[in-house]
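The values are calculated or read from the model by the stated rules, or taken from the named source; none is laboratory data. Everything quoted here is computed from the prediction, not taken from an experiment. We place every Cβ from the backbone using ideal geometry, glycine too, and count neighbours over all the protein chains shown. With ligands, DNA and RNA removed, areas are computed over all heavy atoms of the protein, side chains included. Shrake-Rupley method; radii C 1.70, N 1.55, O 1.52, S 1.80 Å.
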Amino acid sequence: LWEGAVVVLSGVENPERAQLREMVLEMGAKYRPAWCPQATILVASYHRTPKVQAVRKLGGTVVKTSFLTQCYEHKTLVPIASHLIHEGTT
């Protein structure tokens with residue numbers, strides 16, 4: 001489902017962080033603890049974390065955690081528009 005995606009989480013504490021990381025891996029994406037050149041999407045609980053601000057400046061895509069959980073629940077990519085915090089340019 002998410003093959004080729006490299007996902008980073010922001011503003012999410014355990015145990016929710018561990019659950020979201022497992023969802024990422026089960027859907028076929030890779031997980032990274034910090035933004036890197038290979039990262040494709042940042043999943044964030046809050047839109048004002050330092051990580052979110054940095055990724056926005058770099059042109060990365062930032063979405064709410066609801067995007068990840070709905071994709072997982074529906075076993076498909078759901079429309080991203082209502083989950084966007086920042087649409088990436090890279």
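For residue 68, the requirement of being under 16 Å from residue 10 (Cα atoms) and free of Cβ contacts under 8 Å to residues at least 60 places away in the same chain is not met.
Counting the residues of segment 73-90 that are open to solvent by 40 Å² or more (accessible area, probe 1.4 Å), in contact with a helix residue (DSSP H, G or I) (Cβ under 7 Å, 6 or more places away or on another chain) and assigned to a helix (DSSP H, G or I) gives 0.
If you check 53, 70 for being over 10 Å from the mean Cα position of the chain (by Cα), modelled with pLDDT of 95 or more and surrounded by 13 or more Cβ atoms within 10 Å (Cβ to Cβ), only one passes: 70. Total residues in segment 41-50 satisfying the condition of being under 13 Å from the mean Cα position of the chain (by Cα) and open to solvent by 70 Å² or more (accessible area, probe 1.4 Å): the figure is 2. For residue 63, the stated conditions do not hold, so it cannot be described as aliphatic (A, V, I, L, M), surrounded by 17 or more Cβ atoms within 10 Å (Cβ to Cβ), in contact with a Leu (Cβ under 7 Å, 6 or more places away or on another chain) and modelled with pLDDT under 95. Inside segment 53-65, can you point out the residues that are assigned to a helix (DSSP H, G or I) and farther than 11 Å from residue 9 by Cβ? Listed by number, the residues that qualify are 53, 54, 55, 56, 57.
A count restricted to segment 1-39 and to residues that are open to solvent by 40 Å² or more (accessible area, probe 1.4 Å), in a loop (DSSP other than H, G, I, E, B) and touching a residue at least 24 places away in the same chain (Cβ under 8 Å) stands at 7.
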